Each structure stands twice: as C-alpha cells, then as structure tokens.
Amino acid sequence: MPGYEQNLVNLIRDIRKDLKAPRLPVVIGELTGAWVNAEGQWAAVRTAQRNAALRPEVGKRVLFVETHDFVRKPEDSPCPTHGHHEFANAETYLLVGDALGEGMKRLLRTR
C-alpha cells in the first residue's frame, strides 16, 4: 500500500502539532477483520502500521498493538456473513479495546 506508512507518520506529526502536544502518546491498533490473515495489500497495511510506530520522527511515544489474535471465527460470531467489523463479535471488541488501553497505559508510564 504505497504511501500508507508515511501518511500515518504525517498524521501523528500533524495532530501533535495542531494540539501543541509534541509528546502526545499514540497507540496504533493493528488492522483486523475478516481479512486478518489476508496477504497482499492488507498485509502491507499492517506492516506499514507497525513500521510507522518505529519511525524515529514519531519518537518513542508511539506503540503498535497487535490485535489479529483477537478476531473470532465467523461461525463463533453473531454475524458470520458480515465480512467487516469483526463479524459483530463483542468479545473481539472487548479484547481489542483492552489491548489498546493497556498499550496506552504502557506509553503513559514511560514519560
């Protein structure tokens, strides 16, 4: 996915600038959904997300959080034919949200 990584870095930088918060902590949640194991452009987006968090220009207050293991199977979800929004599985939402919150707590401890 050409440009995604740089655009994400630019977004982080722009938000920090606009808020006058150069050390604003940012958590990047890994792309999930029905395509969690998809290759090609979906895998490229996940790689770009991970790489953006490691770029020196965003600093150490950016964290990429893996969430792909939290996506439940379609047959274990209320909307198995819903190819997006994690098949409307509340457990997935809870686990992803918890992981993102824990990631933010981790960033806040590293002042």
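Would you check if there is a residue in segment 71-79 being under 14 Å from the mean Cα position of the chain (by Cα) and in contact (Cβ under 8 Å) with a residue 24 or more places away in the chain?
yes
Can you name every residue in segment 6-32 that is among the aliphatic types (A, V, I, L, M), assigned to a loop (DSSP other than H, G, I, E, B) and more than 12 Å from residue 48 (Cβ to Cβ)?
Result: 19, 21, 24.
Taking into account only those residues within segment 1-10 that are among the aliphatic types (A, V, I, L, M) and either at pLDDT 90 or above or touching a Lys or Arg at 6+ places or on another chain (Cβ under 7 Å) (or both), which is surrounded by the fewest Cβ atoms within 10 Å (Cβ to Cβ)?
9
Within segment 21-33, does at least one residue satisfy the condition of being in contact with a Lys or Arg (Cβ under 9 Å, 6 or more places away or on another chain) and surrounded by fewer than 13 Cβ atoms within 10 Å (Cβ to Cβ)?
Yes, some residue in segment 21-33 is in contact with a Lys or Arg (Cβ under 9 Å, 6 or more places away or on another chain) and surrounded by fewer than 13 Cβ atoms within 10 Å (Cβ to Cβ).
Within the bounds of segment 38-47, is there any residue that is among the polar types (S, T, N, Q) and within 11 Å of the chain's Cα centre (by Cα)?
yes
Mind telling me which of the residues 50, 13, 55, 61 ends up being under 27 Å from residue 2 (Cβ atoms), modelled with pLDDT of 90 or more and surrounded by 17 or more Cβ atoms within 10 Å (Cβ to Cβ)?
Every option except 61 fails the conditions.
The values are calculated or read from the model by the stated rules, or taken from the named source; none is laboratory data. Note that the structure is a prediction, hence the values are computed from the model and not measured. In this analysis, Cβ positions are derived from the backbone assuming ideal geometry, glycine residues included, and neighbour counts consider all displayed protein chains.
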